[in-house]
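The values are calculated or read from the model by the stated rules, or taken from the named source; none is laboratory data. None of these values were measured; they are calculated from a predicted model. In this analysis, Cβ positions are derived from the backbone assuming ideal geometry, glycine residues included, and neighbour counts consider all displayed protein chains. To get the accessible areas, we keep the full protein, side chains included, count just its heavy atoms, and leave off ligands, DNA and RNA. Shrake-Rupley method; radii C 1.70, N 1.55, O 1.52, S 1.80 Å.
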Amino acid sequence: MDAKILVVVKDSIFKDALREKLDKRGFSVIAVSERSAAVEAVAGNEIDIVLLDIRNQGKEAMQTMTEMKQANPTAEVIMLASDFDISWSMEGMRQGAADDITVPFEIDKLIFKIHEIYRRKKSRISFRKLRSFLGVIENAMVAATFAQAGEFETAKEIHGRTEDDKSGSSGKRD
């Protein structure tokens, strides 16, 4: 499955052309022109990658990126910049953008960036899942050790934390 992409570009001709090229490459694409629509789209959909046009928008584009990252922290942002937006591009990277690309660009270069960022995102998610699973196993082994030593209350408490980890609660008991 390919990445789900949100294109945020005010210029409707550029936005539609980009959406069409990405559609032809098999991506699932949502394209919007307005900041509020972008934040709403990223919050209401499982967006993997946002293509955010920062050309001539500077501070407004950074605010849009901040709001989108708050709405969906796992969405990766690729900034579409001009040669004149280098300082805003650097600021975007400091604020968590995954990459940037200078407009005009070759579509194959953008596709490469999208695939690379999507692959890294999936690897991070897999690693987090593995780390969480290993934590559950570790807690179960520690609980078993305490139970074997006759410390049943401690074992229950540790096992309870393991169960809480699986259900997503904080691990605190009343």
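State yes or no: is Asn45 closer than 28 Å to Ser123 by Cβ and at pLDDT 90 or above? No: the conditions fail for Asn45. Being crowded, with 19+ Cβ neighbours inside 10 Å and over 21 Å from Phe112 (Cβ atoms) is true of Val42. Taken together, the residues in the stretch 61-88 that are open to solvent by less than 50 Å² (accessible area, probe 1.4 Å), of a type outside the set (A, V, I, L, M, F, W, C) and under 17 Å from Ile117 (Cα atoms) amount to 3. Look through the stretch 1-22, keep the residues that are in contact with a helix residue (DSSP H, G or I) (Cβ under 7 Å, 6 or more places away or on another chain) and either closer than 19 Å to Ala98 by Cα or free of Cβ contacts under 8 Å to residues at least 24 places away in the same chain (or both), and return whichever of them is surrounded by the most Cβ atoms within 10 Å (Cβ to Cβ). It comes out as Val8.
State all residues of the stretch 23-53 that are touching a residue at least 40 places away in the same chain (Cβ under 8 Å) and among the hydrophobic types (A, V, I, L, M, F, W, C); if no residue qualifies, say none.
Hits for the stretch 23-53 are Phe27, Ile47, Ile49, Val50, Leu51, Leu52.
If you go through the stretch 112-146 and keep only what is modelled with pLDDT of 75 or more and in contact with a Phe, Trp or Tyr (Cβ under 8 Å, 6 or more places away or on another chain), you end up with just Ile114.
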